[in-house]
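The values are calculated or read from the model by the stated rules, or taken from the named source; none is laboratory data. Given the structure is predicted, the values throughout are model-derived calculations rather than measurements. Positions of Cβ are backbone-derived with ideal geometry, glycine not excepted, and every protein chain shown enters the neighbour counts. What goes into the accessible areas is simple: the full protein's heavy atoms, side chains included, and nothing from ligands, DNA or RNA. Shrake-Rupley method; radii C 1.70, N 1.55, O 1.52, S 1.80 Å.
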Amino acid sequence: MASGVLVPVEEYLRTSYRPDCDYVEGEVVERNFGELEHSSAQREILLYLAAHYPNLRKRLQPEQRVQVRPNRFRIPDICILAQDAPRQKIVTTPPELCIEILSPEDTLTRTMERVRDYFSMGTAACWIIDPVGREGRMATPGRLEEAADGILRSSGIEMPLAAVLE
């Protein structure tokens with residue numbers, strides 16, 4: 001769902017997109033979301049993590065622009081910033097965890113491209129959640145595994161899918 005027109009990074013950064021878009025090497029790329037399952041999952045994940053891990057409350061960022069490389073910006077559905085990350089309008093410090101919530105149009109290939117971008121900047125882990133299929137995967141560099149027991153885990157954080165998926 002790219003625009004097909006190359007846009008300078010400066011123009012991307014000064015333009016407001018509704019909803020916000022990724023930027024990949026000159027292309028403004030729309031993100032799939034906005035459907036009930038996606039929106040509900042995003043809300044419930046934020047509420048769950050804030051309630052069960054109060055120390056994360058100020059580090060939880062929904063739909064935050066993350067500069068993964070000079071010419072690539074991604075917008076994870078949710079990211080957890082590093083404890084010592086500076087306050088930035090656009091995040092350039094690797095998040096501890098990025099969470100991608102799939103929409104029906106999303107493909108694993110396209111999602112893994114996003115995940116690899118997060119890893120390229122130093123993000124340690126990503127969760128990929130399919131609210132329609134009611135399943136989740138945990139990704140670390142070079143590894144992708146299903147949450148076979150229904151619990152996503154990363155760096156001391158555990159989240160049962162049943163608690164966040166309606």
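Descriptive notes on the structure:
- From the coordinates shown, P(r) over Cα pairs in 5 Å bins from 0, in percent corresponds to which of [x] 1, 9, 19, 22, 22, 15, 8, 3, 1; [y] 1, 8, 14, 15, 14, 12, 10, 9, 7, 5, 3, 2, 1, 0, 0; [z] 2, 9, 17, 19, 17, 13, 10, 7, 4, 2, 0, 0: [x]
- Note: relative contact order over the range 101-166, using C-alpha pairs below 8 Å and six or more positions apart, is 23 percent.
- Whole-angstrom gap from the range 95-166 to the range 23-68, using each part's C-alpha centre: 12
- Residue-count net charge about residue 42 - beta-carbon cut-off 9 Å; Lys, Arg +1, Asp, Glu -1: -2
- The heavy atoms of residue 12 offer some 0 square angstrom of accessible surface to a 1.4 angstrom probe.
- Database remark: amide H of residue 31 closer than 5 angstrom to the amide H of 22 (H placed geometrically; neighbours at sequence offset of 5 or more, or on other chains; Pro and chain starts carry no H).
- Structure-based [θ]222 nm, the chain - -39500 (n - 2.57) summed over DSSP H runs of at least 4, per residue, nearest 500: -7000 deg cm²/dmol
- Here the extension length gained between residue 108 and residue 84 equals 5.5 nm, from 0.36 nm per residue of separation less the Cα-Cα distance.
- Modelled label positions at residue 25 and residue 93, each set 7 Å beyond Cα in the direction of Cβ, lie 3.0 nm from each other.
- Most mobile of 131, 104, 76 in a GNM of the chain (Cα contacts under 10 Å): 104
- With contacts taken as Cα pairs under 8 Å and at least 6 residues apart, the chain reaches a relative contact order of 18 percent.
- When the chain is treated as a GNM with alpha-carbon contacts under 10 Å, the residue of 149, 22, 130 showing the greatest mean-square fluctuation is 149.
- Between 0 and 90 degrees, the angle of helix 36-52 with respect to the longest Cα principal axis of the chain falls at about 60 degrees.
- The chain: angle of helix 108-120 to the longest principal axis, Cα-based, in degrees nearest 10: 80
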